[in-house]
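Participant: Pasting in a structure now, in structure tokens, and then I'll have a few things to ask.
The values are calculated or read from the model by the stated rules, or taken from the named source; none is laboratory data. This one's a predicted model, so the numbers in the text were calculated from it and none came from an experiment. Cβ placement follows ideal geometry from the backbone for every residue including glycine, while neighbour counts extend to all protein chains displayed.
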Amino acid sequence: MFVQISKWLSLLSFGLLLFVSSIQAQREVAEPFRPIEDDADLPRVLILGDSISIGYTLDTRRLLEGYANVHRAAENCGPTTRGLQRLSVWLGDEPWDVIHFNFGLHDLKYMDAAGKLVTVEEGEQQVPPAEYEKNLRELCRRLKATNAKLIWCATTPVPEGAQGRIVGDAKAYNEVAARVVAEEIGEIATTNDLYRFCMPRLSKIQRLANVHFTKDGSAQLAEQVAEAIRARLEQ
């Protein structure tokens with residue numbers, strides 16, 4: 001009887017631990033999307049990007065506290081195709097002083113016909129390079145029309161073993177993006193080269209065989225993002 005009760009208590013404790021962990025994980029994802037109240041005396045900054053940017057949003061906001069109102073799109077911005085569909089929603093009606101934006105990791109990933117992330121052999125790239133270039137050009141034109149100071153953020157690296165993505169594709173897509181940003185936006189845009197920042201320290205800041213970053217890794221990315229935004233505001 002005692003043994004059965006002990007087993008039951010162990011299972012209950014394990015279940016509670018999983019439940020609490022799940023709630024905490026959901027909270028960590030939802031928190032960056034939570035609207036903030038602007039300080040009217042501070043400039044307004046908008047972050048557009050995928051889950052990599054979601055990971056560094058809160059630390060970026062903290063680093064720029066008292067210096068800028070740091071907002072982000074209230075969702076994962078995904079590939080350029082979603083960007084074209086949702087950009088007007090993300091921009092809203094209020095003007096922006098700085099927009100820090102990225103698209104890439106969701107464009108270069110391999111999906112099956114049902115929209116599921118699969119191995120490279122089983123699927124096709126969600127947005128091939130030629131379509132990515134076309135979409136990004138349109139996004140750049142629309143962002144330029146906001147008259148905000150723009151920061152293009154380079155796509156972070158794909159590590160060995162990451163499902164549905166090929167090592168080296170981030171570099172190739174970044175090369176396309178660099179050309180597009182230069183041609184469509186020109187000198188009024190700066191680049192936050194997170195790809196270059198990550199490469200020498202990738203094994204220390206990124207999860208194993210995963211495009212996402214550790215908590216410390218995201219904090220380091222936030223420092224780079226905050227520095228880029230601060231520099232852009234001062235120009």
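Participant: Please determine whether any residue of segment 50-61 is buried (at least 19 other Cβ atoms within 10 Å of the Cβ), in contact with a Cys (Cβ under 8 Å, 6 or more places away or on another chain) and at pLDDT 95 or above. Before you say what the answer is, go through the steps one by one.
Facilitator: Going residue by residue through segment 50-61, those that are buried (at least 19 other Cβ atoms within 10 Å of the Cβ) are 50, 52-57, 59-61.
Keeping just the survivors that are in contact with a Cys (Cβ under 8 Å, 6 or more places away or on another chain) gives 50, 53.
From the residues that got through so far, the ones that are at pLDDT 95 or above too are 50, 53.
The answer is yes; a qualifying residue exists.
Participant: Can you say whether Ile47 is in a strand (DSSP E or B), within 22 Å of Val211 (Cβ to Cβ), modelled with pLDDT of 60 or more and in contact with a helix residue (DSSP H, G or I) (Cβ under 9 Å, 6 or more places away or on another chain), as far as the supplied structure shows?
Facilitator: Numbers: in a strand (DSSP E or B): yes; within 22 Å of Val211 (Cβ to Cβ): yes; modelled with pLDDT of 60 or more: yes; in contact with a helix residue (DSSP H, G or I) (Cβ under 9 Å, 6 or more places away or on another chain): yes.
So Ile47 fits the description; yes.
Participant: Of all residues in segment 70-99, how many are closer than 16 Å to Val127 by Cα and in a helix (DSSP H, G or I)?
Facilitator: 6
Participant: Still on this model: Any idea which residue in segment 62-82 is nearest to the chain's Cα centre (by Cα), counting only those that are crowded, with 23+ Cβ neighbours inside 10 Å and of a type in the set (Val, Ile, Thr)?
Facilitator: Checked segment 62-82; the qualifying residue nearest to the chain's Cα centre (by Cα) is Thr80.
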